[in-house]
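Have a look at the structure below before the remarks.
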Amino acid sequence: MSLLLAGWLPPQSRPTRGAGRLIQRNLLVYKRIWLVIIAGFCEPVFYLLGVGVGLGEFVGEVTTEGGVSLSYAAFVAPGLLAASAMNGAIIESTFPIFFKLHYNRTYDAVLSTPMRVADIAVGEILWSQLRAAIYACGFLVLMYIVGLTDTLWAVVAILGALLVGFTFSAAGFAAVTFMRTWHDFDMIQLVILPLFLFSGTFYPLSVYPSFLQPIMQISPLYHGTELLRAFTLGSFDWTLLAHAGVLVAVGLVGLAITSRRLGRTLLK
Amino acid sequence: MVESLVVGRGLSKKFGDFTAVDNIDFDIHPGEAFGFLGPNGAGKSSTMRMIGAVSPPTSGRLSVLGMDPSTEGIKIRGRLGVVPQEDNLDRELSVYENLLTHGRYFHMKRAEIDVRIVDLLEFVQLTERLDDRVDLLSGGMKRRLIIARGLINQPELVILDEPTTGLDPQARHVVWDRLYQLKRDGVTLIITTHYMDEAEQLCDRLVVMDRGRIVAEGSPRELIERYSTRDVLEMRFAADQHRHAMPIIEEVAERTEDLPDRLMIYTHNADEVSAELARRGVHPVSTLIRRSTLEDVFLRLTGRQLIE
């Protein structure tokens, strides 16, 4: 996805095979600490079992904005799928990148070679997209096992999860370029938690008064949730293009901010 | 006339209102070890970053390996070796993996890198540490690993920013020894340092920088001849003797410097001056006679005050 999008960037900031070199570096690191990956995956799983299945028994059937009736667990699951892609992307694109940028000074060493700033930006975003995809795949397997989706749509949903991963990877990296101390990371939690709670994950946006709904729609996770819910339910219509468009747009803005600000930080 | 490998003309670097490098000129020839000497904050590292094509000059002309860093930075970086001042080894990776990933950043083939790693680890005497995490290495070992990393692409020009700062004497000598060897192999070295003995040991030619400007240029020997005397006498006096001795000393010395704990006497012949002073009744508590070093030049040019 990012590779495709990167084709629209100006030539000097277009990535080369350099992005792949950075991914190889990250693979070497994670070969050793792969257990860490599992940790971030658990949260949405707990929510699915706790809220989706547990609370679902109590709630019974719900009706989506499109008028489809379904069990509460089936309603919540795609929302949590989107949230798990977001989690994977944010975990990977914030803390480790800040560490590499300011403490390990990894990128200074990288730039003493023919690698370029765009290679770093695109490589890291692709990599955290990959983590998002791993989370999404794991979650989809779980959904399949407990009977909340069928195989064909699940495959399409992976593409949707990759898009959500791109959006939040780029946004996360862009946010990191503004951060100066570890304390700034509290701000990420301050943004991520409301996104998680108010993006139509646990109930449709229609429960809010109509004047609040446009505000809720600012959330990129809302668009991700709608997209994945449509995919896992197999109900397609033209509004999906708008949802996907918002995700692409936010991701591209994030990538542009990242390349620009990272260049200013590293090549001063 | 040899073709210069690196040329700077009227080169300046500003960060906002602060001028880090102020209109400097220099020529670095193939095969030489060229030093940038100066106190902290003199502009050495900023100059290194410009040569390393990771910091665009504010004004002036810079040519590295015949190319312009602002347009051909990627090509230049492909042929340079960089040994930065701070330790930026990849702490999440092992010794081997550090060298491997760095080689990959140069788009070298894995097999080619593996051969190179064997040679390099032997060169910096870290062969047994191949699979260690870099956190487990001592300061001197890390420095040697950074040097090995900077050589992975077989560069013809290596930039070393304070290569031995923070190392113990043994570790410094090992690093110097490796740098000599590189020089013998025909690699051009650019070294920044604030250690005078390092500059005297390693550099064929050097410039002294102070507050962003180049204040002197030449070989270590030339600089000592030009800015200092052959010999230095360091004399210590009992408190009441000092004032009595001063006028006599000033008559016989080329130059003197009155420090809180001792008097520095610069002269071309220490034995003669010493005898003459004794004859005229000057009796210090102690006298140390030594040759002038680059440190005398350095302190004369950049002053004894702390620059902060």
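In this simple spin-label model, placing a label point 7 Å from the Cα along the Cα-to-Cβ direction at both B:HIS242 and B:LEU136 gives a separation of 5.5 nm.
Within the set of other residues whose C-beta is less than 15 Å from the C-beta of B:ILE249, count the net charge using Lys and Arg as +1 and Asp and Glu as -1. Intermediate values should be presented prior to the final figure.
Details: positive: B:ARG236, B:ARG243, B:ARG255, B:ARG262, B:ARG279, B:ARG280; negative: B:ASP231, B:GLU234, B:GLU250, B:GLU251, B:GLU254, B:GLU257, B:ASP258, B:GLU272, B:GLU276.
Net local charge, B:ILE249 excluded: -3.
Estimated at 0.36 nm per residue, the fully extended path between A:TYR208 and A:LEU55 surpasses their Cα-Cα distance by 53.0 nm. Set the Förster radius R0 to 25 Å, insert the Cβ-Cβ distance between A:ARG260 and B:SER59 as r into 1/(1 + (r/R0)^6), and round the FRET efficiency to 0.05. In this case the efficiency is close to 0.60. From its DSSP helices (H runs of at least four residues, each -39,500 (n - 2.57)), chain A gives a residue-normalised ellipticity at 222 nm of -22000 deg cm²/dmol.
Each label was represented as a point 7 Å from its Cα along the Cα-to-Cβ direction; for A:TRP34 and A:THR239 these points are 4.1 nm apart.
Evaluate 2.2 N^0.38 Å with N set to the residue count of chain B, then give the Cα radius of gyration divided by it.
Against the compact-globule rule of thumb, the ratio is 1.18.
Give the shape of the protein assembly as shown as rounded, prolate or oblate, defined through the alpha-carbon gyration tensor: a ≥ b ≥ c are the square roots of its eigenvalues, a/c under 1.5 means rounded, and otherwise the shape is prolate if a/b is larger than b/c and oblate if not. Since a/c reaches 1.5 and a/b is larger than b/c, the shape of the protein assembly as shown is classed as prolate. Of all the options B:LEU294, B:LEU259, B:LEU223, the one that moves most in a Gaussian network model of chain B with Cα springs shorter than 10 angstrom is B:LEU259. For chain B, the dipole from Cβ point charges (+1 on Lys and Arg, -1 on Asp and Glu) about the Cα centre works out to 580 debye, to the nearest 20.
For the stretch A:81-135, the relative contact order comes to 62 percent (Cα pairs under 8 Å, sequence separation of at least 6). At full extension, B:ALA111 and B:GLN181 could sit 22.7 nm farther apart than now, given 0.36 nm per residue minus the alpha carbon distance. Annotation for A:GLN24 and B:GLU217: the two label points, set 7 Å from Cα along the Cα-Cβ direction, are 4.2 nm apart. Its residues counted as N, the stretch B:229-291 yields a C-alpha radius of gyration over 2.2 N^0.38 Å of 0.97. In the elastic network of chain B, a GNM with C-alpha springs shorter than 10 Å, the most mobile of B:PRO220, B:PRO57, B:PRO169 is B:PRO169.
Rounded to the nearest 0.05, what FRET efficiency do B:LYS75 and B:PHE15 give with R0 = 22 Å and r taken as the Cβ-Cβ distance? Could you check? After rounding, the FRET efficiency stands at 0.25. Relative contact order of chain A, taken over Cα pairs closer than 8 Å and 6 or more residues apart, is 25 percent.
Taking each of B:LYS14/B:LYS109; A:LYS100/B:LYS109; B:LYS44/B:LYS75; B:LYS14/B:LYS142 in turn, the alpha-carbon distance tops 29 angstrom for B:LYS14/B:LYS109; B:LYS14/B:LYS142. The charge dipole of the protein assembly as shown, taken about its Cα centre with unit charges on the Cβ atoms of Lys, Arg (+1), Asp and Glu (-1) only, comes to about 900 debye.
Taking all Cα pairs closer than 8 Å and separated by 6 or more residues, the relative contact order of the stretch B:6-217 comes to 32 percent.
Once you reduce the stretch A:135-214 and the stretch B:95-150 to the center of their Cα atoms, the two points are 40 Å from each other.
The numbers here are math on the coordinates, done by the rules we state, and not lab data. Quick caveat: nothing in here was measured; it's all calculated off a predicted structure. Heads up, the Cβs are rebuilt from the backbone with ideal geometry, glycines too, and the neighbour counts pull from every protein chain shown.
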